[in-house]
1. Exactly one condition in (1) of a type in the set (Gly, Ala, Ser); (2) modelled with pLDDT of 95 or more; (3) within 26 Å of the chain's Cα centre (by Cα) is false for residue A:563; which is it?
2. Tell me, which residue of the range A:683-692 that is of a type in the set (A, V, I, L, M) and under 20 Å from residue A:767 (Cα atoms) is farthest from the other protein chains (Cβ to nearest Cβ)?
3. For the range B:153-187, how many residues are of a type outside the set (Val, Ile, Thr), surrounded by 21 or more Cβ atoms within 10 Å (Cβ to Cβ), away from chain A (no Cβ under 14 Å) and more than 16 Å from residue B:30 (Cβ to Cβ)?
4. Return yes or no: is residue A:616 hydrophobic (A, V, I, L, M, F, W, C) and in contact (Cβ under 8 Å) with a residue 12 or more places away in the chain?
5. Scan the range A:154-172 and give yes if some residue there is out of contact with any strand residue (DSSP E or B) (no Cβ under 9 Å at 6 or more places or on another chain) and either assigned to a loop (DSSP other than H, G, I, E, B) or at pLDDT 95 or above (or both), otherwise no.
6. Could you check the range B:175-202 and list, in sequence order, the residues that are of a type in the set (D, E, K, R) and within 17 Å of the chain's Cα centre (by Cα)?
7. Of the residues B:80, B:68, which is at pLDDT below 95 and either more than 14 Å from every other protein chain (Cβ to nearest Cβ) or touching a helix residue (DSSP H, G or I) at 6+ places or on another chain (Cβ under 7 Å) (or both)?
8. Within the range B:86-106, identify whether any single residue is basic (Lys, Arg) and either surrounded by 15 or more Cβ atoms within 10 Å (Cβ to Cβ) or in a helix (DSSP H, G or I) (or both), and answer yes or no.
Amino acid sequence: MSPVTVPKFIGARIKRKEDPRLITGRATYTDDIVLPRMAYVKIVRSTEAHAKLQTVNVAAAKLRPGVIAVITGEDVKDRIAPLPVAHKIADLKVPPHYALARGEVHHVGEAIVAVIAETAAQATDAAEHVVVDYAPLPVVTDVEKAAGGAPFVHADLGTNVAFAFPLKAGDPDAQLARAPVRLKQRIMNQRLIPVAIEPRCVVADYDAGYQKLTLTSTTQIPHLLRLLLGAVLSLPEHKIRVVAPEVGGGFGSKLNFYPEEVLLAHLSQRLGRPLKWTETRTEGFLSTIHGRDQLADVEIGADQDGRLLALKVRLWQDLGAYHQLLTPVIPTLTVLMLPGCYTVKDIEVHLEGVFTNKTPTDAYRGAGRPEATFIIERAMDLIADATGKDPAEVRRINFPPANAFPFVTATGLAYDSGNYQGSLDKLIANAGYAALRKEQVAKRAKGELMGIGLTTYVEVCGLGPSAAMPAGGWEACELEVRRSGKIVVKTGSSPHGQGEETTFAQIAADGFGLTPDDVEVVHGDTDAVAEGIGTFGSRNQAVGGAALARCVETVRTKARRIAAHLLEASVDDIVFADGKLFPKGVPAKAKTFMDIVNVAYLADQLPQEIEPGLSAVHFFEPTNFTFPFGAHLAVVDVDQETGKVTLRRYVAVDDCGKIINPMIVEGQLHGGIAQGVAQALFEEAIYDANGQLVTGELMDYAVPKATFLPSWELDHTVTASPVNVLGAKGVGEAGTIASASAIMNAVVDALKPFGVKHMDMPAKSERVWRAMQGGAR
Amino acid sequence: MIPSAFEYHRASSLSNALALLAEHGEKAKVLAGGHSLLPMLKLRLASPPHLIDVGGVAELRAIARTRDGLVIGALASHADVAASSEVRASHRGLAEAAAAIGDMQVRNRGTIGGSLAHADPAADYPAAVLAFNAEIVARGPKGTRAIKAADFFQGLFTSALRANELITEVRFPETDGAGSAYEKFEQPASGFAVVGVCAQVRLDSSKTVRAVRLAATGVSDRPVRLTAMENLLGGKPWSDQALEAAARQADADLKKVREDLYAKEDYRRHLLRVVARRAAARAVA
């Protein structure tokens, strides 16, 4: 970007433009949409984890009041192709995943029958009259057992292992053999349920006159959804419009292609009625993707100074019963990020993706990187414990120096920019680390349990270069200057809480000397925005924002060309600053941006070689990922009598590159850290041996409440990313990626007097209490 | 989350509510604050054909001191009880139990009568009514009867209340200067008690225990008195050591203790001992 001017809004702490409508109840979510002649869909779901469907009897349901149709898997078998998985994994085993089950079900919650009725209540009532006769089949829920052989989730495959993903660099065996410190640890990243505040919802409306489908959905990826709907339903893509209106949180769970989306699209066409389906919370727990569920056996070699010499990791990713859109891709990110922000060169990882009779796993905030961070950051603390070094020092000794960037890791990633010492130093100072350690010593002397936990993390985001992505990694943007000088930005990034109506307006406003209120950001409608990829992988600013920055630059250049013509100057001599265009050194001759807009559209003064109008379209293709980083510290107190862990302080220093709006960055960190706290201390999806989800509702699945959390102490360093002109790295997932390991390191630190070296998550009271029974003290 | 169809009746007065109840009896559920009933309806765990909404019966909302002691109307909200200076002055443990229920929204809507009638084995109020030896007053076609807390709870979501009866008030005997406290170890997902203990302890001027009642929720299918611990404390000089020793027997009377995702039996027994000790210690503090 050419030197615009001093940024006025970029970097400013301004309130979100979208908030007034959201907090006053004037926003439109998918479930708010009511269309004339709309009918309602209720899905009958499997109550068995693995069974043959002997009979699916819908006769009684069809006779219930208001019922329009009752549809089974057999009824749609030639109309809806199996659901797709986007991946670049060699020899991936892909069992057919039907929108409605055919013949066999593979997890509790799998859709079997769709009941369509005049009202939602009638559909719900009638669904109770569908009778499914199940013949149970053997169930497997344990990933290690499933990897070992029968019983098989999909008998036809003859294995539960969908793929293997090995990676080796250097000679880890030789390094391990000569390492004076060798450690082994089994580490579990438990299964989590995303729990967006807004459940999933789909409205499908097929217009038979236009032969056009409009699908409104709670999605993070409207354009990809358009593409996939066309493919699975054999509909022409230009006859499909996908709308993502207000979306109330996603965390990756709405970065997907779900049975209900394709089913409603098909049924609306088939029945000639607009249809709505809204998930209940209990239903969502079973049918919306889950996250994490990864088991690791870790072998660590280190020297006496705490230098990590070798890392060998066996990973088992529990895929659940099917591949959803990105299921197998997620754990490959764990593999790539295992070195963390450390210089270890000798590493071997063997990942297996394994089917079980559970809800499919897929992207959930952090998507593969919290798992990697948890493993490597636990490893750092295990090394510190074994060598008697301070955990901060162990991390420091393993950092690449700040002048080593771009830094190529053992797994082949090139970290764009970084200064890991810088963020750790700032954290140590902000937290008062030395004083905390002193306090801990005093507390221990009194028999009180206090723990201090560190994490220094790096993550991969700004997803990403298309070469590394299954369906393109660019982002598209259009910028239109209206004849009145107002700006419309159309972005393919489809936000669901990221605040880009504000940040994108800030970027555009600065380009033309306007205010954010002069800029309208349009998103989430494939008829309004021609192309896009979507919002996930902390990519909005780093990729979507970068596409916008290109548009700003193109329009600025055209404005300068017009000014050069009007002022009879060379375009290279035209300065465009603060909304004024003038020949260098002659500000008195300035034309305003509005003057230029008028000329561009009245067009009577334009030379032949300049087209009327003022707009731009760009696709930004990043040359690399971005790699945000930072250092987090947690202080916990443990009640020795009950095992209850209280998170007393949480201090973070994050580096997400250049910041467009600090308030939005902080908001992302607040929620992100809370979701890591949730994994560390509260949340856990538990299945019993029959494949029933025991934590099937919010009465049992502990999403933390605001009162469980301390006030965050946030700060940042700024290391610009060279990958995009904004210098932005991304921040949506950073808090979650960092916080679970920081807290668990603190919990284990608190329990040190009991000889505890490791604890799986969540550190719920009973688990902590048990760890203290028969401990060293 | 759509309940089965039901007929909705809004009671205009207590007598109207009783008439509606007499008419629909077994086929009806009484709706007060709705914070237990509505989730059950939405999950279709209950599908009563009739709902009798007593929420508008203002005469059942009062909190008053009478010759029967502290009398709390069945429709007093948890927030009302928690904030009542009358309650706090004499029955602090009851106010604390009310304040420990759910969250603000639940406390503003939920009612003491509704909570007791629901007889959730992990609810907070049952421990308090048992520790304070309260009487639950029910009115039905045959008139009014007062049911001792000890007789009221009969098992999992089961009480002595008959289908045609309505709880009108709860009577808490005066405490004669006894201190009280409610201590709760909360289940983080539901906010219900993993273990909750309400303690009422009266010491004389020589710090001897003149009266002690301890009741726990969350540990069984109904609230239970901790009689072993009471017996160890009763009539004896009060001391931290005595309390410590007595609390170690807090679970001694319990043959079986509930188990769930948040506490296996041994841990729950341990928590009961800790929570009972803390409750009793705060009762006299």
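1. (3)
2. Here is the first cut: in the range A:683-692, the ones of a type in the set (A, V, I, L, M) are A:685-686, A:689.
Those left that are additionally under 20 Å from residue A:767 (Cα atoms): A:685-686.
On the way: A:685: 11, A:686: 7 Å.
Ranking the qualifying residues of the range A:683-692, first place goes to A:685.
3. Qualifying residue count for the region: 6.
4. Values: hydrophobic (A, V, I, L, M, F, W, C): yes; in contact (Cβ under 8 Å) with a residue 12 or more places away in the chain: yes.
Yes: the conditions hold for residue A:616.
5. From the range A:154-172, those out of contact with any strand residue (DSSP E or B) (no Cβ under 9 Å at 6 or more places or on another chain) are A:156, A:158; that's our starting set.
Filter once more, so that each one left must be either assigned to a loop (DSSP other than H, G, I, E, B) or at pLDDT 95 or above (or both): A:156, A:158.
The answer is yes; a qualifying residue exists.
6. Just the residues of the range B:175-202 that are of a type in the set (D, E, K, R), to begin with: B:176, B:183-184, B:186, B:202.
Within the range B:175-202, B:183, B:184, B:186 qualify.
7. After applying the criteria, what remains is B:68.
8. Of the residues in the range B:86-106, the ones basic (Lys, Arg) are B:88, B:92.
Okay, now just the ones that are also either surrounded by 15 or more Cβ atoms within 10 Å (Cβ to Cβ) or in a helix (DSSP H, G or I) (or both), so B:88, B:92.
Yes: the range B:86-106 contains one or more residues that are basic (Lys, Arg) and either surrounded by 15 or more Cβ atoms within 10 Å (Cβ to Cβ) or in a helix (DSSP H, G or I) (or both).
The values are calculated or read from the model by the stated rules, or taken from the named source; none is laboratory data. Quantities reported herein were computed from a predicted structural model and do not represent experimental measurements. Virtual Cβ from ideal backbone geometry, glycine too; neighbours counted across all protein chains shown.
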